[in-house]
Amino acid sequence: MAEAAENLPPVADIFNPHSPEYVDNPVPQCLALAERGPLVWYEPWQAWIMTHMDDIMKCWKEEPLSSDFYDWEFAPQRPPEDQWSNFERAMIGHSLLADQAHHRLVRRVTAPAFSRNVVDNIQAKIEPEVRKLFDDLGEPETFDYIEEIANHIPFISITRMVGIPEKYWPQIKKVILTFTETWNPTISDEQREAARQDSNRAIDIIREVIAERRLDPGQDDFLSTLLRIEAENKGFEEGDIITLILALIGAGADTTLVAQQWTVYSLLRHKEQIDTALASPEAFSNAFCEINRWGVSSKMGFARYAPRDMEFMGQTLRKGVMVLMMPHLKDYNPDYYDNPETFDVTRTFDPDVMFGYGPRYCIGAALAKRQLFLTVSELYRRFPNIELAEEPERDPGDHNAIVFKRLLLRTNCA
């Protein structure tokens, strides 16, 4: 066995998520990486990659590794408190980079802000904006769904849901959409610092909005709900509010834009399943798991860091080394799914791990899926005979996902 392992090609030769081959079809590389073992060293990123779903779920649930970006061995030095900018004040010690106890507090006290009733109310706020986008579009013979619809939906719907007044939209849109890059370990230091400065400017705007809302708190939106939670729960602070809003707008807009593209593309490639997928929000929630599985759009995964020198999954980890959990490696593995090549919106997902699992399950998952359901349902209501006008060309430039350069649709309105 040892001799066979020595004869294997380097992992970097079989797996490169930034290669044209991966962007064109990631499945062979994902399967090849998973076959190399449950914890694989990946030299280009100086990181271990966790490949098996059982191990990933256990890690999500038990949290033996740190989720604090500043624990990464190559992270910028954590600045002393008297040198913190707005970015450090919001991020250090708060919900995204929080210690486990504080993170659990944030999840517990904010759970009511993500209830089914709240999601239903948010849909009512978003629907007029979605309809207006389609009204402005009219009935063209063809249109680029990304340019005309998808690029606008995430930011408009999330800011409407959060309660960011429209007068701030032009300012904040320029600086908040790069938020996820501030802790992406695979980009350059220059890119990360530029994103950090953008986040500082976004935080200035959010703090201004919060100050206004404190003077006029009686509105029915996510921000007002968070301010009430802050008043009623010791330990939940303004920094937590800022971090949650950054995540919902920044991370939410980024991931939802990718999801918009793949949802429309996948359903148009399997038009016979559209009615089933859009039968109800619940049906779409399950269908979206299949869309995400079938598309395999991810390039990396969920980053964690060794909090100390430690033994982990049979390997010796040095303090600060990155461990990437990659649940998408399973998506075409027949050990996990029957007939993985087949697209089936009624496929059973038990458990549903698309948005994570355990204590750090994505708190905005229900909001993201409802937003997608609303937009795609409106698309098919307006254009019941819509189809792909071309096979879309994939864009290799995205740092985190496989996306399309454009998604040209033919409406067949004539």
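Highest mean packing comes first when the peptides 338-350, 26-38, 144-156 are listed by Cβ atoms within 10 Å, giving 144-156, 26-38, 338-350. Given their separation in residues at 0.36 nm each and the Cα-Cα distance between them, R382 and R131 gain 89.4 nm when the chain is fully extended.
Using the Cβ-Cβ distance between N339 and E190 with R0 set to 51 Å, the FRET efficiency from 1/(1 + (r/R0)^6) comes to roughly 0.70. List the pairs from K58/K405; K132/K299; K58/K173; K58/K125; K132/K369 whose alpha-carbon separation is above 27 Å, in the order I gave them. Flagged as over cut-off: K58/K405; K132/K299; K58/K173; K58/K125. Each of D352, D135 was scored by other Cβ atoms within 10 Å of its Cβ. Arranged with the fewest first, they read D135, D352. Working note: 222 nm ellipticity from helices only, DSSP H runs with n ≥ 4, each -39,500 (n - 2.57), summed and divided by the residues of the chain, gives -14000 deg cm²/dmol to the nearest 500. The phi torsions of the range 162-175, fed into the Karplus equation with coefficients 6.51, -1.76 and 1.60 and a -60° offset, translate into couplings of 5, x, 7, x, 4, 5, 8, 4, x, 5, 6, 5, 5, 10 Hz, rounded to whole numbers, with Gly and Pro shown as x.
The Cα-based radius of gyration and maximum Cα-Cα distance (Dmax) for the range 204-359 are 20.5, 57 Å. Close amide H pairs (under 5 Å, H built 1.01 Å from N) link A47 with Y42, residues at least 5 positions away or on another chain. Here the alpha carbons of the chain define both size measures, Rg and Dmax, at 21.6, 70 Å. Relative contact order for the chain: 26 percent, from Cα pairs under 8 Å spaced at least 6 residues apart, divided by residue count. Considered as an equivalent ellipsoid built on the Cα gyration tensor, the range 142-211 has semi-axes of 22, 20, 9 Å, the largest given first.
Each value in this text was obtained by applying a stated rule to the coordinates, not by laboratory testing. Since the structure is predicted, the reported quantities are computational estimates derived from the model, not experimental observations. With ideal geometry, Cβ positions are generated from the backbone for all residues, glycine too; neighbour counts draw on all protein chains shown.
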